[in-house]
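Notes for the one structure printed next.
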Amino acid sequence: MEIKYEMFVRDLITELLEYNFQKVKESDEDMEMLQKRILELSCKVDKIISALDEEEKKLIEEYLHEKNVLAVERNYISYIQGFGDCIRVLKTTKII
């Protein structure tokens, strides 16, 4: 039961992060420009990677994948930490 609950919470937070990211992206021109730039760079990197031999390609792809996994984990941890920080502020100010 505990594992299902943890997965539910993690999935919920992932959905909330994605929803909020989409809202920011739609209303923030700088974010939109950054997304376009990242897409352009991604296409260039993919072209470079495709020219590598299989061992080099596998190493670069594994590195990029692991770096992405770390970024997702950091986002999740930051989001959870935000809850704790909010509660601490509300208690300190005697709102709760």
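Add +1 for every Lys or Arg and -1 for every Asp or Glu among the other residues with Cβ under 14 Å from the Cβ of residue 33, and state the total.
It works out to a net charge of -3.
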Requested in this report: Mind putting a number on the dipole of the chain about its Cα centre? Charges go on the C-beta only, +1 for Lys and Arg and -1 for Asp and Glu, and I need it in Debye to the nearest 20.
Outcome: 600
Query raised in the report: To the nearest whole percent, what portion of all C-alpha pairs in region 53-96 is separated by more than 11 angstrom?
Result: 70
Report summary line: Each label sits 7 Å from Cα toward the beta-carbon; between residue 40 and residue 26 the label points are separated, in nm, by 2.6
Query raised in the report: Which Rg and Dmax, in Å, describe the Cα atoms of the chain?
Result: 18.8, 61
Report summary line: Close lysine pairs (region 6-96; alpha-carbon distance under 18 Å; 8 or more apart or on separate chains) counted at 10
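Laboratory data are not the source of any read-out in this text; all were calculated from the coordinates shown. The structure presented is a predicted model; accordingly, all values stated were derived computationally and were not measured. Here the Cβ is made from the backbone with ideal geometry for all residues, glycine too, and neighbour counts use every protein chain on show.
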